[in-house]
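Heads up: the structure comes next, in structure tokens.
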Amino acid sequence: MTAQPTPPATPHTDRVRRRRPADRRDVILRSAAKAFSANGYHAVRLDDIADAAGVSAPALYRHFPNKYALFSETARNLADALADATGSIPHDPDHPEIELRGLLAALTGASIDNRRTGGLYHWEADYLHTDDARYVRDIVIAQHRRIRAALRRARPHHDAESADLITAAMTSVVASPATHRAALPARQISDLITGAAMSLSDADLPTRPEADTDPPPTGLSPTSKREVLLTEAMKLFAAQSFREVTIDDIARAADLPSSGVYRHFESKAAILQAAFWRTSDRVTALIADALSSSSTPREAIVALVTRYVDLCCTNTAMLSVYVSEIGNVAPAQRTELRNQQRINVEEWAAWLTRERPELTAVAARFLVQAALNVTIDLTRLSRRPTPERISALGLRLLLGSADSAGADSAGADSAGGSDGVEIGE
């Protein structure tokens, strides 16, 4: 019998072949993790995940009954990847510094391997149900305790609170490659970020104030209804998420009728977009202010860090929303916001390379992103460290020398809060 020729491929046959991957479930999970990491939980549609995975919507539903099932498994998978990474590092009581570096290198490697999905760590706890949240949190706590234990053996001069804080900052540093898209070979990223995280082990942190509570807020609130709406909306978005808050909720918080909201903003999305641009503008203005008060690259770096920390500490709701709700901004606006963020990072990096000419521009961007990530993560803790301590860690990362985190980074009269890191308990 004469063999029949293989029929030529058509768009239909290509589509059928593309929609039948052998590892369909894994492909769906990878596509979902990328989408959730980039856009947030609520902004992602199942149809978008199905298209990205190359499967039909009915095929996706055969594996996952709903979006939450997909989200919870992606979060658990990310936690498992981190646990597997550190689980391969042997306990070494006699050489704690080697163990500590090994743990940080392993987590850096996991972050590099999950650069397009690791952004989940910023906000997964906001959406996970109790059992899933506990599963992820147990892994995070176990890792924190192991890193902290190795740190305290390697650097016994740190007290418990300082070790807790430094451990949290180290973890934020090694996670930072998953929060941006600057490009370097994986080996260079690993060496740079692991070394930066390890440098925090020698950070000289300012002594925390004796008071264990934040000082009462000072200053006056704006009277402009538009500003009041923005302020109250950010508080609600941070506490409940963008999708859960209604226009009526915002109106009540601002002591306005619902119709009064629409005199200033055409929609809830317009409020979010305005708040995002307000945040972006403040970060951009901060750079100009820092440079205007500086006469050397080193002074510029100190001013940039301390001003950014102060901004984050006094605008925690806005920064929290900026991190977790970016996916609810229109794609074009999202692109513009991220472009402005890149410009700001490049400005920081330019001054860093002037102070440290041994760094390439790309390496400097990685360190700047790490310092920004540490600031955001530490200011979102329920027991926030003092601004002086956060600044000291940021300056240690950027300037690299032990004396950079001391007097330059903190004023004795700055307002302080209670110190400590809740995951270290």
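Output the peptides 249-256, 102-109, 327-334 sorted from most to least packed, where packing is the average of other Cβ atoms within 10 Å over each peptide's residues. Show your work: numbers first, answer last.
On the way: 249-256: 17.4, 102-109: 22.9, 327-334: 15.8.
Put in order of decreasing packing, that is 102-109, 249-256, 327-334.
The calculated FRET efficiency for His129 paired with Thr314, based on their beta-carbon distance and R0 = 51 Å, is about 0.95.
Label sites at Ala239 and Val27, each approximated as a point 7 angstrom past Cα along Cα to Cβ, lie 4.5 nm apart.
Taking 0.36 nm per residue of separation and subtracting the current Cα-Cα distance, fully stretching the chain between Ala253 and Arg282 would add 8.0 nm. Note down the net charge around Ala275, summing +1 for each Lys or Arg and -1 for each Asp or Glu among other residues with Cβ under 12 Å from its Cβ. Every neighbour counted, the sum reads +1. For the range 215-362, the spread of Cα coordinates along the three principal axes comes to 57, 37, 23 Å, biggest extent given first.
Working from the alpha-carbon coordinates of the range 317-378, get Rg over Rh, Rh being the Kirkwood radius. Please list the in-between numbers first.
Details: Rg = 13.5 Å, Rh = 12.9 Å.
Reported Rg/Rh, Kirkwood definition of Rh: 1.05.
Placing pseudo-labels 7 Å out from each Cα toward the beta carbon at Asp94 and Ala332 gives an inter-label distance of 6.6 nm.
Work out the FRET efficiency for Tyr262 and Asp138 from their Cβ-Cβ distance, taking R0 = 45 Å, and round it to the nearest 0.05.
Details: r = 45 Å, r/R0 = 1.01.
Once the sixth-power term is evaluated, E becomes 0.50.
Show log10 I(q)/I(0) for the range 24-156 at q = 0.10, 0.20 Å⁻¹, two decimals, from a solvent-free Debye sum over equal Cα scatterers. The computed values of log10 I(q)/I(0) come out as -0.38, -1.08. Can you list the lysines whose alpha carbon is less than 25 Å from that of Lys67, not counting same-chain residues fewer than 8 positions off? Straight-line reach from Lys67, under 25 Å: Lys34, Lys268.
Using R0 = 45 Å, the C-beta based FRET efficiency linking Arg76 and Leu291 works out to 0.50.
Only the coordinates and a few stated rules stand behind these numbers; no lab work does. In this text, all values refer to a predicted model and were calculated from it rather than measured experimentally. No Cβ is skipped: glycine too gets one built from the backbone with ideal geometry, and neighbour counts run over all protein chains shown.
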